[in-house]
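Novice: Below are the structure tokens for one structure; questions will follow.
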Amino acid sequence: MIASLRGTVLAVVGGTAIVEVGGVGLQVSVTPDHALAMRVGSEVSMRTALIVREDELALYGFSDVEGREVFDLLRGVSGVGPKSAMGVLAAMSPAEIAGAVAREDDGAFRKVSGIGPKTAKLIVVSLAGKLHEPPVAGKAAAAAPASIAENVLVALVGLGWSERVAAQAVDEAIAAAAEEERGSVPLLLRNALSRLGPAAR
């Protein structure tokens with residue numbers, strides 16, 4: 001089992017990266033957000049899962065342990081293969097997946113290509129109690145008007161950050177903001193920007 005790898009990025013196309021490890025180029029399937037964070041020629045380190053089939057050896061990569069763990073949990077659900085599991089992780093962060101499961105919101109999974117109503121319900125039932133929704137982020141998001149948070153998110157994405165990174169910064173900004181600041185787009189945007197480095201262009 002190849003559980004992790006560290007090497008130089010040779011190419012990144014769509015949801016596939018080629019990483020050179022010890023002179024060997026390994027093709028790794030990753031989420032679009034993960035791919036956008038990679039730069040050709042730079043070193044990358046990731047957790048991986050090797051899926052062995054009769055006619056294929058497929059390597060899937062994750063930016064952190066949490067992503068790898070959720071991938072394994074999703075693959076344990078009847079009807080969810082590795083490609084569908086990656087599709088869920090491409091559409092939702094591990095925290096968003098945990099939140100949807102906690103709310104029994106199978107509709108969130110039905111929006112993912114390849115996940116039907118029956119499988120969506122199975123995901124919610126099978127993952128119940130196995131994931132932990134971050135309490136602070138959840139409370140913070142509920143404490144700010146959805147339109148305010150969405151406007152800040154759109155602004156950050158427009159400035160060059162991925163939606164996942166921007167969403168995390170918005171949650172952190174809301175959590176740290178005083179009650180009266182949570183209704184102000186400029187104040188929340190300033191707070192979120194202070195938590196982010198230069199945007200990748």
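Novice: Using unit Cβ charges (K, R positive; D, E negative) and no other charged atoms, how large, in debye to the nearest 20, is the dipole of the range 66-127 about its Cα centre?
Specialist: Details: 8 positive and 7 negative charges, 56 e Å.
Once rounded to the nearest 20, the dipole reads 260 debye.
Novice: Next question, about the same structure. From Cα coordinates alone, what are the radius of gyration and Dmax values for the chain in angstrom?
Specialist: In order Rg, Dmax, the Cα atoms of the chain give 18.2, 59 Å.
Novice: Treat each spin label as a single point 7 Å out from the Cα along the C-beta direction, and report the Ser42 to Ala102 distance in nm.
Specialist: 3.1
Novice: If you don't mind, another one. Based on DSSP H runs of at least 4 residues, each adding -39500 (n - 2.57), what is the mean residue ellipticity at 222 nm of the chain after dividing by all its residues, to the nearest 500 deg cm²/dmol?
Specialist: The helix contribution divided over the chain gives -14000 deg cm²/dmol.
Novice: Charges at C-beta only: +1 for Lys and Arg, -1 for Asp and Glu. How large is the resulting dipole of the chain about its Cα centre, in Debye rounded to 20?
Specialist: Working: 19 positive and 22 negative charges, 45 e Å.
Magnitude of the dipole: close to 220 debye.
Novice: Residues of the range 149-163 with the amide nitrogen closer than 12 Å to a label point 7 Å from the Cα of Arg195, along Cα-to-Cβ, please.
Specialist: Once the point is set 7 Å along Cα→Cβ of Arg195, 153 turn out to lie under 12 Å by backbone N, inside the range 149-163.
Novice: Ok, one more. Grab the Cα-Cα distance for Glu150 and Val65, subtract it from 0.36 nm times how many residues apart they are, and report the gain in nm with one decimal. Please report the intermediate quantities before stating the final value.
Specialist: On the way: separation 85, 0.36 × 85 = 30.60 nm, distance 2.79 nm.
Extra length available between Glu150 and Val65 comes to 27.8 nm.
Novice: Next question. Which of rounded, prolate, oblate describes the range 66-127, given a ≥ b ≥ c as roots of the alpha-carbon gyration tensor eigenvalues and a/c under 1.5 marking rounded, otherwise prolate only if a/b is larger than b/c?
Specialist: Rounded, since a/c falls under 1.5.
None of the figures in this text is laboratory data; all of them are computed from the coordinates on show. Everything numeric here is computed off the predicted structure, so don't read it as measured data. All Cβ positions, glycine included, derive from the backbone under ideal geometry; neighbour counts span all protein chains shown.
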